[in-house]
Amino acid sequence: MLSVLRTARVRFAPSARRMAFRSFVTKYTESHEWVRIDGDTATIGVTDYAQNALGDVVYVEVPEANTEVEAEDVVGIVESVKSTSDIYSPLSGTIVEGNANVVANTKLVNKSPEADGWLFKIKFSDKEQLDALLDATKYKQLIEDGH
């Protein structure tokens, strides 16, 4: 019986093993966007702290795919019952995708700001810009300091 179990083991190709252990790095901006980095692409959205401060989101505008942007360019808008906020690109590069789901269902920004409520994806062109972003510890400190 043991020999049958040994031969039945599934072996993954090296590329499949790398994919299974792929990790994402999440960084933050001082303007309360999160940036999830995967290779040379980043997914960006507003943090839970930001959506809480905004209140109920009623309108979202996201950038169009294939748009070239520079770091700190305004690329979208999030409007709530309290205020309107510009969304800034934390990185330079080319927009890969705007999240049409948050445009159609703005409540995703409030319900799932750091998952389904992401705003856009960008293929970034300058990896050194990542160094200017905050890690989770520094972002937490920023919030605690009242910024």
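For region 72-147, trypsin sites (Lys or Arg not before Pro) meeting the loop criterion (DSSP other than H, G, I, E, B) and having at most 15 other Cβ atoms within 10 Å: K82. The C-alpha atoms of region 38-147 occupy a region whose extents along the principal axes are 35, 34, 21 Å, arranged from largest to smallest. Ranking of F120, F24 by solvent-accessible surface, largest first: F24, F120 (1.4 Å probe, protein heavy atoms only, all chains present). So which lysines can K127 reach, going by Cα to Cα under 28 Å and dropping same-chain residues fewer than 8 places off? Within the straight-line limit of under 28 Å, K127 reaches these lysines: K27, K138, K140.
For T67, the residues whose modelled amide H falls within less than 5 Å of its own, excluding neighbours fewer than 5 places apart on the same chain, are I95.
The values are calculated or read from the model by the stated rules, or taken from the named source; none is laboratory data. Nothing here was measured: the structure is a model prediction, and the numbers come from that model. Because the Cβ atoms are built from the backbone with ideal geometry, glycine has one as well, and the counts that use them run over all protein chains shown. With ligands, DNA and RNA removed, areas are computed over all heavy atoms of the protein, side chains included. Shrake-Rupley method; radii C 1.70, N 1.55, O 1.52, S 1.80 Å.
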